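Reading through the structure tokens given below for one structure.
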Amino acid sequence: MGKVQFGLEDKGVLITGASKGLGAVCAGALSEEGARLVLMARSGDRLEEVRKNCRDRDRHLSIALDLCDMQALESAVKKAEEFLGDIDVVLHVAGGGLGMRDPLLSADEFFKLFSLNVAASVQINKMVAPKMMERKQGNLVHVCSISSSEATGSVGYNTVKAALAAYVRSLGREIAGSGVVATGILPGGFYAPENAFARLKERNPEGFKDFVERRLPRKVIGRAEELVPMILLLSSEAASMMGGCLVPIDAGEGLNFITS
């Protein structure tokens, strides 16, 4: 069987959280599809390393910034538009629990989590989606989590991921007739360089082993690369009927019967 073609050749794609983990893996995969990329994250050095490892490195741009700084974010999106021309796809990968495990987190701590996991995506979409609507075409892909409905992570992480999932579901419905498709994935536990499970495996090997044995039906943790085919699909015109859909990719880890 030949390679599946997603029709992403020469598409302009903005990726947040692209300096490591799933974001870096997606950058490599999208560059192999022939897309032109703008990569965003905090670490300029790491972004440049990812960019240089992409196919046709000179077709891509890296922009280092704090995604929680809305003024810096607006400026970065404008730079992305200048570089790419049309932004056809936004892949929102940036997120995380920021190490906040205390269930009684402060409002300031919650706002930091919300800014990274939700507000940055909302702001980017606010800037990019109207131009997509004018062209009657575009894809907004969000990396959510099964924690949005499973309550398996920290209080803060569960809450902001639930908010992101609700946003995607609502936005996707509202703009469904515009030609712009807003979707999300709900990953279970997966391993990628420097992600939360990579850190857990390094710092607490027994805890990592216990999670795999107790929570994962296939008794092996997924890899970031296993999420890529669905992300490519949701980034393509083939996702035209998936507006507002939240797609679980958890190898049976989740316990809910009902998903969006």
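We did not get these values from a lab; they are worked out from the coordinates using the rules stated. These figures come from a predicted structure and were not determined experimentally. Reconstructed Cβ throughout: ideal geometry from the backbone, glycine too, with neighbour counts over all protein chains shown.
With each label modelled as a point 7 angstrom along the Cα→C-beta vector, the residue 218-residue 10 pair spans 3.7 nm.
Quick one: Cα centre-to-centre distance for the stretch 115-185 and the stretch 13-43, in angstrom? Cα centroid of the stretch 115-185 versus Cα centroid of the stretch 13-43: 18 Å apart. Placing +1 on the Cβ of every Lys and Arg and -1 on the Cβ of every Asp and Glu, with no other charges, gives the chain a dipole of roughly 280 debye about its Cα centre.
Residue exposure proxy: 38, 155, 220, 247, ordered by other Cβ atoms within 10 angstrom of their Cβ from fewest to most, comes out as 220, 155, 247, 38.
Between rounded, prolate and oblate, where does the chain land on the alpha carbon gyration tensor, with a ≥ b ≥ c its root eigenvalues, rounded for a/c under 1.5, else prolate if a/b exceeds b/c?
Values: a/c = 1.36, a/b = 1.34, b/c = 1.01.
The shape class here is rounded.
Ordering 22, 61 from the fewest to the most neighbouring beta carbons within 10 Å gives 61, 22.
Annotation: the residues 199, 169, sorted from fewest to most other C-beta atoms within 10 Å of their own C-beta, follow the order 199, 169.
Helix content alone sets the calculated 222 nm mean residue ellipticity of the chain: runs of n ≥ 4 DSSP H residues at -39500 (n - 2.57) each, divided across all residues, give -13000 deg cm²/dmol. Summing charges over all other residues whose Cβ lies under 13 Å from the Cβ of residue 193, with Lys and Arg as +1 and Asp and Glu as -1, gives +1.
Peptides 93-103, 208-218 ordered by packing proxy, namely the average of other Cβ atoms within 10 Å per residue, highest first: 93-103, 208-218. The Cβ shell under 15 Å around residue 22 holds other residues with a net charge of +1, Lys and Arg each +1, Asp and Glu each -1. Taking a point 7 Å from the Cα of residue 237 along the Cα-to-Cβ direction, the residues of the stretch 76-113 with backbone N closer than 18 Å to it are 86-90.
Sequence-distant contacts, meaning Cα pairs under 8 Å at least 6 residues apart, place the relative contact order of the stretch 21-173 at 20 percent.
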